[in-house]
Structure formats: structure tokens, C-alpha cells
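Encoded as C-alpha cells, the structure appears first; notes follow it.
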Amino acid sequence: MAFVKHDWTKLDPQVDALIRAGVPVSECAKRVGVDKNALHYRLRVRANRPQAPRRETREDRRRQNAEQRRESGVDRNCLRCQKAFVAPTRFIRRCPPCRAD
Ligand SMILES: [Zn+2]
């Protein structure tokens with residue numbers, strides 16, 4: 001259940017007009033009788049922008065690295081014949097011919 005504090009259908013056009021006239025957001029808020037934080041939030045929601053960019057977590061980086069590895073493979077030297085080859089994952093340590101044996 002959404003708690004609607006302001007009737008934005010009425011306020012949006014008023015705010016838009018003020019902003020177009022070059023009135024700063026905090027001043028717009030005062031004039032239409034809305035808390036300036038609420039108005040900032042409203043403008044952000046309308047612009048469909050996230051509130052704050054989410055910080056990249058260690059998990060994100062791990063996933064990115066894993067994806068990159070999956071795409072590019074891993075440079076390895078075969079444990080058996082020492083030949084260089086590109087392994088599809090870091091768990092592969094022998095070249096395809098040796099693995100086929
Ligand atoms: Zn090999």
C-alpha cells in the first residue's frame with residue numbers, strides 16, 4: 001500500500017513551470033508547499049534515475065572476472081606436454097590432445 005502524501009498530478013505541472021522559469025528546486029519546494037527532500041526525490045523518480053549508483057561489490061567483480069575468463073579462456077601450459085594452450089576454464093590444466101588420451 002502506497003502512502004501518498006502529495007498530489008503530484010497537480011504539483012508536477014507547477015514544479016515544471018517553476019523549474020523552466022529557472023527557480024531552484026529548493027525554492028520550488030517552498031512555493032508549492034512540499035518538503036524539498038520530497039521534491040528532490042520526486043524529480044529523481046520522474047527522471048527514472050536510481051537513487052544512488054550501487055557500489056561495485058567484491059561479488060560483482062568476481063562475476064565480471066569469471067565472465068571475462070569464460071570469454072577469453074586461460075593461458076596455460078599443459079601439465080603433461082608443456083605445450084601452451086588456452087583453457088576454457090582455470091580448472092583445465094592439460095591441453096585437449098592430452099586430455100583426450
Ligand atoms: Zn598436453
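Restricted to region 85-101, and to residues there that are among the hydrophobic types (A, V, I, L, M, F, W, C) and surrounded by fewer than 10 Cβ atoms within 10 Å (Cβ to Cβ), the residue that is farthest from the ligand (Cβ to nearest atom) is Phe91.
To keep it simple, each residue is scored yes or no on (1) in contact with a Lys or Arg (Cβ under 9 Å, 6 or more places away or on another chain); (2) aromatic (Phe, Trp, Tyr); (3) within 16 Å of the ligand (Cβ to nearest atom); (4) in contact (Cβ under 8 Å) with a residue 24 or more places away in the chain.
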| residue | (1), (2), (3), (4) |
| --- | --- |
| Arg46 | no, no, no, yes |
| Pro53 | no, no, no, no |
| Arg58 | no, no, no, no |
| Gln68 | no, no, no, no |
| Gly73 | no, no, yes, no |
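Counting only helices (runs of 4 or more DSSP H) that sit wholly inside region 1-84, those with at least 2 residues that are under 30 Å from Pro97 (Cβ atoms) and at pLDDT below 85 are 58-72. Filtering Val45, Val32 for residues that are surrounded by 14 or more Cβ atoms within 10 Å (Cβ to Cβ) and out of contact with any His (no Cβ under 6 Å at 6 or more places or on another chain) leaves a single hit, Val32.
The values are calculated or read from the model by the stated rules, or taken from the named source; none is laboratory data. Bear in mind the structure is a predicted one, so any value in this text is a computation, not a measurement. For neighbour counting, all protein chains shown are included, and Cβ atoms are generated from backbone atoms with ideal geometry for every residue, glycine included.
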